[in-house]
Amino acid sequence: MAQRSDLELLEDLLARENRLLSAYEAALRRDAIDPAVGELLRDHEREHVRALEQTLAGYTEATAAIGRPGLRQPLGSIMCCGAAHVVALRQSLGYRSLVPYPGG
């Protein structure tokens, strides 16, 4: 299997972040999530989307630099924040386990 390029990985991450943003917005519209939690998580996702869009917009200038450790930190931070969102959502939905598994 061919290794995916940095650009492909960033595009995939952006698509995922946009789906999460849409999910939080829908949950808020439907009153399916506590507003304080939903707004906080939605706002985080907006920041993630904005950061990824800026990274992709500058990708042509930064193609050679994407593999540098200094650019990995912001992406790692977004991933960690996403994991925290999953924990908060699972807690707000009343799951006993914070780790998703079949039968949750």
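The values are calculated or read from the model by the stated rules, or taken from the named source; none is laboratory data. Since the structure is predicted, the reported quantities are computational estimates derived from the model, not experimental observations. As a convention, Cβ positions derive from the backbone with ideal geometry for all residues, glycine included, and neighbour counts pool all protein chains shown.
Structural remarks
- From the list E53, E45, E39, the lone residue that is surrounded by 12 or more Cβ atoms within 10 Å (Cβ to Cβ) and either over 21 Å from A84 (Cβ atoms) or touching a His at 6+ places or on another chain (Cβ under 6 Å) (or both) is E53.
- Qualifying residue in the range 58-68 (condition: modelled with pLDDT under 70, within 16 Å of L7 (Cα to Cα), surrounded by 13 or more Cβ atoms within 10 Å (Cβ to Cβ) and in contact with a Phe, Trp or Tyr (Cβ under 8 Å, 6 or more places away or on another chain)): yes
Listed here are the residues, each with its yes/no results for (1) aliphatic (A, V, I, L, M); (2) farther than 22 Å from Q73 by Cα; (3) out of contact with any Gly (no Cβ under 6 Å at 6 or more places or on another chain).
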residue: D6; (1), (2), (3): no, no, yes
residue: L14; (1), (2), (3): yes, no, yes
residue: V37; (1), (2), (3): yes, yes, yes
residue: L41; (1), (2), (3): yes, no, yes
residue: H44; (1), (2), (3): no, no, yes
residue: A51; (1), (2), (3): yes, no, yes
residue: Q54; (1), (2), (3): no, no, yes
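- Candidate set: the range 9-33, residues that are under 16 Å from the mean Cα position of the chain (by Cα) and among the acidic types (D, E); chosen: the one modelled with the lowest pLDDT: E11
- Among the residues of the range 25-58, those that are of a type outside the set (D, E, K, R) and closer than 13 Å to A88 by Cα comprise I33, P35, A36, V37, G38, L40, L41, H44.
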